[in-house]
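Accompanying notes for the structure given below.
The values are calculated or read from the model by the stated rules, or taken from the named source; none is laboratory data. Source: prediction; values computed, not measured. Note that we place each Cβ from the backbone using ideal geometry, even for glycine, and neighbour counts take in every protein chain shown.
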Amino acid sequence: MSDDRLDPATLADDLVNRVHALASLDALREAEASLVGRRSPFAELQRTLGALGEEERRTLGAALQAARRRVEDELEARRALLGAEERRRALEADRLDLGDVVDAAVRLPVAAGHGGLIAATQRELEDVFVAMGFTVEEGPEVESDWYNFEALNMPPAHPARGLWDTLYVELGAPETVVLRTHTSPTQIHLMERAVATGTLPIHSVMPGRCYRRDTPDARHLVAFHQIEGLVVDEGITFADLAGTIESFTGAYFGPAITSRLRPGFFPFTEPSAEFEITCTVCAGAGCRTCSMTGWVELGGCGMVDPAVLDAVGIDPERYHGFAFGFGIDRCAMMRYEIADLRALTENDVRFVEQFS
Amino acid sequence: MRISLAWLREFVDLPESPEELRAILDDLGLVVEGIERVGEGLEDVVVARVEKIAPIPGADRIRRVVVDAGAGPLEIVCGAWNFDEGDRVALAPVGAVLPGGFAIARRTMRGVTSNGMLCSGRELGLSEDHAGLLVLNDQPGAEPGRRLVEVLGLVPDVVFDVSVEGNRPDAWCVEGVARDLAVRLARELRAPRLASPNATTPTASLAGARIEALDLCGRLTVSVLRRVTIAPSPAWVAERLRACGMRPISNVVDASNLVMLELGQPTHPYDLARVAGAALGARRARPGETLTTLDGVERRLATAGRGLGDTGEDCVIVDGEDRVLGLAGIMGGAASEITEGTTEVLIEAACFEPMAIARSSKRHGLRTEASARFERGVDPTLAPRAVARLVAVLEESSPGLEWLAEPLDVTGEIAEAPTVTLAASDVADLLGTSIEPDEIRRLLAGLDFALEGDDPFVVRPPARRLDVRAGLEGRADVIEEVARLHGYGRLTRRVPAWPEVGGLSERQRTRRRLRDAAVALGAFEVWTPTLIAPSEHALIELGPPVTVANPLSTEESVLRATCVTGVVRVWLRNLERGRGDVALFEVGTVFTHPDVAAHPRRTRGGVGGRSEVDLPEEGERLTLVLGRPGDDAVAATVLARALLGRLALEDVVVRALADAPPGLHPTRAAALVDRASGARLGVVGEVDPHLVARLTGGEAPRRAGLVELDLDALADPTRATPAPRTIRLPSRFPSAVIDLAFVTPDALNAQDLAHALGATDERVESVTLFDVYRGGAVPSGARSLAFTLRLSSPERTLDEREVAQLREALIEAGRALGASLR
């Protein structure tokens, strides 16, 4: 090394000092080329390498690389520091005491807003049931296996669990915590609470979001909304269930729409039924939507299984109950003739503004 | 379950019209999901022998095939590759119309004229097989030129796709459906032809059977068949199987499948020569054992699975040397299957513990026709009858068959059939419809329920009704059967009434008021996913994610901890479309991991609900993003106050936040604080520009206001203090209006000052901030706050002296807080 000026380490020290002296991001951007870029002393030194012998070239080349990397690292650190400082300064300049806001200084919008379709449908359904004497109850979306399945008469590995494709949450032992597959666990909470507080009878509907592990399509989303009803009282019969469903059908869908029940199976009700309503598309005449039957399936229902009442400590000799459930999204689809449910999660303003 | 109408008719006389039958089946809870007509439109299809196959120059997907269909060589262009010269196939000649209305015409492709079409099973509506042509080499009588319907013995048939509910394993077969129909139509149920052992040699002299796991295997029967000829099944067997969606294989396997479809009992045939000791046993698999099942997969047995309470228990069938032959009730092993050379057959007909089969089937990811039946429950008395039927079917294609005497029959633990007491009044109490005792007896007896006594009855369900439980639950089960056969449509309806009134909870009303207020203030409601990507969760620092163990995709694998990201994303998407001039809000659930939650939910969990589990805290937020041009933290603050104004709260203060919560602009954020309780009801400010930048991948396009209200706090009166219910009557006398401007230190909140002014005297009607001024003569570290105050008395018009006195008192009140009159 004949020339001290060209010692890469010394050169780096010098340049690092210059980096530390940079006071702003603008200055940094300006100086960048002359520090590590094409106009830097490194580039100059690089060009002299060609004249050297192979060994010397390798030694010097390596030293050059290391020195340049040091300067580059310092430059990046400086950039981050200056950036953070400038952001802090900008935020500080932006500071606003919202306690000082003068209401009259701001014009609130006068344009009409729009409620969500599912929320609106849920409200309409709630209102019908409230008018029929029901209260509205809610429950959590993450449940233990016990509430979602076992208390509903489905012990682990019960084949009926196959009716629900379940999403499990990584908490506790594997498969012990689930995203509720139906709103039915809320029935269990409700009955447990009624027993604990001595507040039977129960006449409630339970709307809420549920989940299924199923590839989304036009009619199914991973998250969907359901509303269930539960009545537990003395002297309740299947006739009350059928009458309630018929009453609701007429009130919500209109007097031309009627309901019918046919045998079905749910582990938590016995007897169980599927309930169908007059096809709203063809008013019962028969069309493609209803496979020419004039009926479309809406939900499931039945008399609460004595085993379920037993599990929550309600005497099944004294009390009978009925339960029913159906999809809120499906009601919205039927009422507003929405061809693809996925449009709902798109949240396109042009879609939302069509709702009243 | 696909079920053939012709097959059903063998068991019971049925109405002509398939549609009429559909309605009856639907009403019985055997819901018909589809009706398919098979064997129609095949009148013109004939058997053809492939004489020659030649390539077509320039075409690599189709070939020229010359066939003989009894009337000399015929040239056909064909795109299938699964046949050779000499094979016999099905030909639809020109002019034929196939099922589904497809008319065959003469066509020319690549210069070759095709005089008809060679057909696949699916094109003929005979099977789902579309991989290649239907090859008829093994079909007796498949001579060129013969009509396919004659060769296959096809009769036009109707296939119903019936959905059988999980509690009706007894109806998951032709006989079961026929039995329900027979009761409903009050017609006779005919029994199928059964065989009996025809050899004198006792089975025990040749074969063995034992059950080691008595709790897993309720019954194991072993029969020996000798002098068996392996051959194709008779046409009617093949046709029945195809109609039900199964592929005919060979007479023994087909007979086994046919019996399963007909009577509901899965059976398993083994090549006797390949079963050591000709003995079958049922036992628990031992850890370390493996089995290669018929599908070619090697399975590790007795390995605990992920499922709740799954100990890894597997029931296996073993041979006389204790080697594992098959996964009991699910799938057999490859080593002992029937081959063309089989002459002696062992038939296993058994029944297994349903839950054990369900667990094994789930753990091994192996669901078969057999496992599906066993996990729902197979009649433990059915095995001998099923074998007798199997042999009767097999005899047709294997004449001279010998069935050894006294088949082996070992039983394990079989639960005793429950007894249920049932009175007609129980039926009326549960159904609300009175049904006569005689009618109850008739309906149940038709399904082979044994009834003793005369109202109340002691009811014993037949062995096949494994769904019927004991006691009170069993009574409900039996009443469902009465209702089902009686007809749900004939049951009484009554609209119930109760003295309790319906209604919404305070929280629900609060939510509705807020939602209505947001809409009235011009906002659009959106619905963003609760399941988001981990990277989305990481954008806002809110503790560890609540993760889904088995998500459909990583994009939907974490439960959101905030709605802010989702709503901002919706705003940005609409902004891209040129419609970002909106305010958007969502009322939604947010999830906090129990490790960091202030109030984790501890609840019953584990098997039997015997342990406890910590669940995430679920909160509810109204999140509103103000995205119109010019919207900022100030607009958000005004809007937040307007929203809260709908809730009739006593006083909410907007307090500057030293530490803005993640997601909010760090220096333009404030908390909405309940004055009386000190509780935070929400936050207000601007969306953190850094978050917007990360969502857009560039600079934030413009400011956006943000309001986040905590519905849990707002619904809690100890946190959100309600305004007093008593309403003050306004004074009839005119109010005096004065303006006061205070130089106020920055540390003093404007609303605290306003509150103090308002509390000075009961004659202060209102205090309204109308101007904020900084600079000029106002020292730094302070600002001038100008208020309009309205003063009034209910008794009289305030005179000048009184107003002046009040003014002094107000100035003094300001001074007490460090604010001086400007």
Consider the range A:148-185. How many of its residues are within 7 Å of another protein chain (Cβ to nearest Cβ) and assigned to a helix (DSSP H, G or I)?
4
Matching residues in the range B:292-311 (within 22 Å of B:LEU220 (Cβ to Cβ) and touching a helix residue (DSSP H, G or I) at 6+ places or on another chain (Cβ under 8 Å)) number 3
Would the range B:339-358 turn up any residue that is closer than 20 Å to B:LEU214 by Cα, modelled with pLDDT under 95, assigned to a helix (DSSP H, G or I) and of a type in the set (D, E, K, R)?
no
Members of the range B:498-511 found to be more than 7 Å from chain A (Cβ to nearest Cβ) and not hydroxyl-bearing (Ser, Thr, Tyr), listed by number:
B:PRO499, B:GLU506, B:ARG507, B:ARG509, B:ARG511
What is the one condition in (1) over 60 Å from the mean Cα position of the chain (by Cα); (2) free of Cβ contacts under 8 Å to residues at least 40 places away in the same chain; (3) within 14 Å of another protein chain (Cβ to nearest Cβ) that B:GLU762 does not satisfy?
(3)
Which residues, taken from the range A:212-242, are acidic (Asp, Glu), touching a Lys or Arg at 6+ places or on another chain (Cβ under 9 Å) and modelled with pLDDT of 90 or more?
A:GLU234, A:ASP240
Kindly list the number of the only condition in (1) farther than 26 Å from A:ASP165 by Cα; (2) outside any loop (DSSP other than H, G, I, E, B) that fails for B:GLU536.
(1)
Breaking point among (1) within 30 Å of A:MET206 (Cβ to Cβ); (2) β-branched (Val, Ile, Thr); (3) within 9 Å of another protein chain (Cβ to nearest Cβ), for A:THR121
(3)
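Being at pLDDT 85 or above, under 43 Å from the mean Cα position of the chain (by Cα), under 25 Å from B:ILE3 (Cα atoms) and in the same structural domain as B:GLU51 (by TED's automatic domain parsing) narrows it down to one of B:LEU118, B:LEU134, B:LEU98, B:LEU126, so name that one. Give the derivation first.
On the way: B:LEU118 fails: under 25 Å from B:ILE3 (Cα atoms); B:LEU98 fails: at pLDDT 85 or above; B:LEU126 fails: at pLDDT 85 or above.
Going through B:LEU118, B:LEU134, B:LEU98, B:LEU126 in turn, the sole match is B:LEU134.
Given the range B:663-758, what strands (runs of 3 or more DSSP E) lie entirely inside it while holding 2 or more residues that are surrounded by fewer than 17 Cβ atoms within 10 Å (Cβ to Cβ)? Can you show your working first?
Numbers: elements: B:664-674, B:680-687, B:705-710, B:736-745.
Counting at least 2 such residues, we get B:736-745.
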Which of the residues that make up the range A:329-344 are in a helix (DSSP H, G or I) and either under 11 Å from A:GLY116 (Cβ atoms) or acidic (Asp, Glu) (or both)?
A:ASP329, A:ALA332, A:LEU344
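Conditions (1) surrounded by fewer than 18 Cβ atoms within 10 Å (Cβ to Cβ); (2) free of Cβ contacts under 8 Å to residues at least 24 places away in the same chain, marked per residue:
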{"position": "A:VAL36", "(1), (2)": "no, no"}
{"position": "A:ARG39", "(1), (2)": "yes, yes"}
{"position": "A:GLN65", "(1), (2)": "yes, yes"}
{"position": "A:GLU76", "(1), (2)": "yes, yes"}
{"position": "A:GLU92", "(1), (2)": "yes, yes"}
{"position": "A:VAL101", "(1), (2)": "no, yes"}
{"position": "A:ALA105", "(1), (2)": "yes, yes"}
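Any idea how many residues of the range B:717-761 are of a type in the set (Asp, Glu) and farther than 22 Å from A:ASP103 by Cα? Steps first, answer last, please.
Going through the range B:717-761, the residues of a type in the set (Asp, Glu) turn out to be B:739, B:746, B:752, B:761.
Imposing the further condition that a residue be farther than 22 Å from A:ASP103 by Cα reduces the set to B:761.
Residues meeting the conditions: 1.
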The number of residues in the range B:524-577 that are touching a residue at least 40 places away in the same chain (Cβ under 8 Å), at the interface with another protein chain (Cβ under 7 Å from one of its Cβ atoms) and farther than 26 Å from A:GLY116 by Cα is 1
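Hey, does the range A:99-109 have a residue that's closer than 22 Å to B:VAL638 by Cα, hydrophobic (A, V, I, L, M, F, W, C), modelled with pLDDT under 85 and not in a loop (DSSP other than H, G, I, E, B)?
We begin by selecting, within the range A:99-109, every residue closer than 22 Å to B:VAL638 by Cα; these are A:99-109.
Among the residues that remain, those that are also hydrophobic (A, V, I, L, M, F, W, C) are: A:101-102, A:104-106, A:108.
Narrowing the set further to residues that are modelled with pLDDT under 85 leaves A:104-106, A:108.
Those left that are additionally not in a loop (DSSP other than H, G, I, E, B): A:104-105.
Within the range A:99-109, one or more residues are closer than 22 Å to B:VAL638 by Cα, hydrophobic (A, V, I, L, M, F, W, C), modelled with pLDDT under 85 and not in a loop (DSSP other than H, G, I, E, B).
May I ask you to say which residue of A:ALA285, A:ALA256, A:ALA242, A:ALA273 is among the small types (Gly, Ala, Ser) and assigned to a helix (DSSP H, G or I)?
Working: A:ALA285 fails: assigned to a helix (DSSP H, G or I); A:ALA256 fails: assigned to a helix (DSSP H, G or I); A:ALA273 fails: assigned to a helix (DSSP H, G or I).
From the options A:ALA285, A:ALA256, A:ALA242, A:ALA273, the qualifying one is A:ALA242.
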Regarding B:ALA671, is this residue within 25 Å of B:LEU624 (Cα to Cα) and outside the structural domain of B:ALA633 (by TED's automatic domain parsing)?
no
Only one residue in B:PRO437, B:PRO407 is farther than 19 Å from A:VAL304 by Cα and in contact (Cβ under 8 Å) with a residue 24 or more places away in the chain. Which one?
B:PRO407
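Taking the range B:87-111 as the region of interest, how many residues are closer than 20 Å to B:GLY121 by Cβ and either of a type outside the set (Val, Ile, Thr) or not in a loop (DSSP other than H, G, I, E, B) (or both)?
Looking only at that region, the number is 15.
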Any residue that is among the charged types (D, E, K, R) and buried (at least 20 other Cβ atoms within 10 Å of the Cβ) - is there at least one of those in the range B:99-110?
no
Strands (runs of 3 or more DSSP E) fully within the range B:376-484 counting 1 or more residues that are more than 14 Å from chain A (Cβ to nearest Cβ)
B:408-411, B:450-452, B:457-460
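With outside the structural domain of B:GLY166 (by TED's automatic domain parsing) and surrounded by fewer than 17 Cβ atoms within 10 Å (Cβ to Cβ) as the only criterion, which of B:SER398, B:SER434 stands out? Full working, then the answer.
Working: B:SER398 fails: surrounded by fewer than 17 Cβ atoms within 10 Å (Cβ to Cβ).
After ruling out the rest, the residue left standing is B:SER434.
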Out of all the residues in the range B:745-755, is one or more modelled with pLDDT under 95, touching a Pro at 6+ places or on another chain (Cβ under 7 Å) and of a type outside the set (Asp, Glu)?
no
Going residue by residue through the range B:65-79, is there one that turns out to be out of contact with any strand residue (DSSP E or B) (no Cβ under 8 Å at 6 or more places or on another chain), among the hydrophobic types (A, V, I, L, M, F, W, C) and free of Cβ contacts under 8 Å to residues at least 12 places away in the same chain?
no
Out of everything in the range B:589-631 that is surrounded by 23 or more Cβ atoms within 10 Å (Cβ to Cβ), in contact (Cβ under 8 Å) with a residue 60 or more places away in the chain and out of contact with any helix residue (DSSP H, G or I) (no Cβ under 8 Å at 6 or more places or on another chain), what residue ends up being farthest from the other protein chains (Cβ to nearest Cβ)?
B:ASP631
Looking at B:ARG37, B:ARG49 in this structure, which one is over 22 Å from B:VAL183 (Cα atoms) and surrounded by fewer than 16 Cβ atoms within 10 Å (Cβ to Cβ)?
B:ARG37
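Could you go through the range A:261-281 and let me know if any residue there is out of contact with any strand residue (DSSP E or B) (no Cβ under 9 Å at 6 or more places or on another chain) and surrounded by 18 or more Cβ atoms within 10 Å (Cβ to Cβ). Step through it out loud before you land on a result.
As a first pass, look at the range A:261-281 and keep what is out of contact with any strand residue (DSSP E or B) (no Cβ under 9 Å at 6 or more places or on another chain): A:267.
Those left that are additionally surrounded by 18 or more Cβ atoms within 10 Å (Cβ to Cβ): A:267.
For the range A:261-281, residues out of contact with any strand residue (DSSP E or B) (no Cβ under 9 Å at 6 or more places or on another chain) and surrounded by 18 or more Cβ atoms within 10 Å (Cβ to Cβ): present.
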Can you work out which of the residues in the range A:241-264 that are within 14 Å of another protein chain (Cβ to nearest Cβ) and without any contact (Cβ under 8 Å) to a residue 12 or more places away in the chain is farthest from B:ARG484 (Cα to Cα)?
A:GLY250
